[in-house]
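Every number here is computed from the coordinates shown, using simple stated rules; none is lab data. Note that the coordinates shown come from a computational prediction; the quantities given were computed from them, not determined experimentally. Every residue, glycine as well, gets a Cβ built from its backbone with ideal geometry; the counts of neighbours run over all protein chains shown.
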Amino acid sequence: MHDAASWAVRLGGDQFLTQVLHRSYAIVSTDGTDTGSLLSWDDLNSIVATHRMEPPRLRLSQDGETIPLGRYSAPITNRRGVTWNRVHPAELHARLAEGASLVVDAIDEIHSPIRAAAEALERFFGTPVQTNAYASWTEREGFGRHWDDHDVVVVQQHGAKRWRLWEPTRTAPTFRDVESPEEPDGEPVADVVLTPGDVLYLPRGWWHAVTADQGTESLHLTFGLVTHTGASLINWLADQMHADTVMRLDIPRHAESAAKSTYLEALRTAMLAALSDPKLIDRWAGSVDTTHFGRPAPSLPYVAELPPRREIAVRLTAARAEITTDITAGTVTLAAAGTEWEFAQQVTPALRALLAGEPVTIGDLADAAGLEVKDVAGVLTVLIKGQGACVVKAAP
C-alpha cells in the first residue's frame, strides 16, 4: 500500500470518501491476504539505535502518563560540550516489559516506506498526513481511554491489538474548543482485535481504549489526517477577502453606536456575499492543495541543474499538485508548493506522469511527452528550484 490507487482500493475508493469518511469507524480485514509490512522490528531497532531519539520524537507512556526520559535514557556529552539523551537499551526494555507503550512520532519523516504510504494517503484524502508508530508488550493501557482531534487510519504491522470503541460524546470536537467531551457511559459499541495488515479507520471524537492483551507483542502505525473545519474555511476566506475595502478598514471601537452598526452591516454583507459562492469549497480546496509544500527533499548532488540523462529518476514531492490546460494559449500550468509554472502544452503528458507521485525516469517522461531528454531535464530543473520535484535516485 505505497500508492494512492492501492489505498483507494483497500479502503473502498469514492464510496469510502462519500459514505464513511468523517461519519463512522470502519474495519478492513486482510482476509488472509498478504499486504506486506511498512515497518519491521528490525527497522524499529535501527531507527532507535541510529537517531537521536528524544521526546517528542520518541516517548514512553503508561496508564495515560508520560514516563520521564531519565528512566530509559542517559545523558551523553561529546567533546565539544553538546549534550543529548541516548536511549539505554536495558532500561528501555525494562520499562516496556513493565507495561509502557513506545511511541515514535512522525516516523514518516525518517522511514522511507512509511513516508511513501503517508504521501499516498495524502493524495487519496486530500489532506496532510503524519504517521506515528506504537509498540506495546502487555495488556496495560499506554494512554487510557481517550479521543483524538483528528481522523486516523490505523494499520496493524505485527502481533495483535485490541481496540474498544465508543461513539463521540460531543459532535466534531476540536483541539481548541469551548467545551470538552464527557466520558462515555456503558459498554463499547465495538470490541475488535486487529491482526497484521488489518486497517481501522476512526473519525475524530471517537473514544477508544487500546491494549496488547492477546498474548503477543504489538506494533501498529497510525496515520493522522489533518482536520479541516468550518473555522478553517472562514479563516481562509477572511484572508482572501482583503480585496474588499471593508475587510481592511479599522474596527471602529471608539465610534458611536450608529457607526459601529453601519460597519458591522457592511462586514456582514461582504461576508454573506462571499459565502454565497457555490464554488467556494472547491476554491478553498484548490488553494490549500496547491499551496501545501508537501514533503520537500533535496536533489543532491544536482544543486544547479539536472543533467539530461535518461536514467535519472525523479518524483513530485507535492502530493496535492494540480495541472490546468489553456487550449487557446497552448499552455499547461502546474500549481504546487505555493508556486505556479507555465509550460508549453506538449509537456502535459510528462506532468501527468509526475502527478502519480511515483518515481519515474527522465527518459520515460521524455518518451511519454515526445520530447527530447534535455527539454524534460530543463523542465525538471525549474521544478526542483521551486521545490516541486526532487531526484530520488542519482545516476551512477
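General remarks:
- Estimated vicinal HN-Hα couplings, Hz - segment 273-289 in sequence order (Karplus 6.51, -1.76, 1.60; Gly, Pro = x): 5, 5, 6, 7, 5, x, 9, 4, 5, 5, 5, 4, 4, x, 5, 5, 5
- Debye log10 I(q)/I(0) at q = 0.07, 0.11 Å⁻¹ for the chain, Cα point scatterers: -0.44, -0.98
- Residues T229 and V392, FRET efficiency given R0 of 35 Å [Cβ-Cβ distance, rounded to 0.05]: 0.50
- Karplus-derived 3J(HN,Hα) values for segment 7-20, using 6.51 cos²θ - 1.76 cosθ + 1.60 with θ = phi - 60°, are 5, 4, 5, 5, 8, x, x, 4, 4, 5, 5, 8, 10, 10 Hz; glycine and proline are entered as x.
- Protection proxy ranking, peptides 345-351, 166-172, average beta carbon neighbours within 10 Å, highest first: 345-351, 166-172
- Mean separation of Cα contacts under 8 Å (6+ apart) over length of segment 319-396, as relative contact order %: 22
- Two-site FRET efficiency, V246 against T333, from Cβ-Cβ distance with R₀ of 30 Å, rounded to 0.05: 0.40
- Ellipticity estimate at 222 nm from DSSP helix runs (n ≥ 4, -39,500 (n - 2.57)) divided over the chain, nearest 500: -9000 deg cm²/dmol
- In terms of the mean number of neighbouring beta-carbon atoms within 10 Å, the peptides 47-55, 79-87 order highest first as 47-55, 79-87.
- For segment 44-129, the relative contact order is 27 percent, taking Cα pairs closer than 8 Å that sit 6 or more residues apart in sequence and dividing their mean separation by the residue count.
- Over 24 Å [Cα-Cα, segment 241-340], rounded percent: 55
- Here the Kirkwood formula puts the hydrodynamic radius of segment 308-392 at 12.5 Å, using every distinct Cα pair.
- Mean separation of Cα contacts under 8 Å, 6 or more apart, over the residue count of segment 256-396: relative contact order %: 30
- GNM result for the chain, Cα springs below 10 Å: residue of Q157, Q15, Q130 fluctuating most strongly: Q15
- Applied to segment 83-94, the Karplus parametrisation 6.51 cos²θ - 1.76 cosθ + 1.60 on θ = phi - 60° returns per-residue 3J(HN,Hα) values of 10, 8, 9, 9, 4, 9, x, 5, 5, 4, 4, 5 Hz, with x for Gly and Pro.
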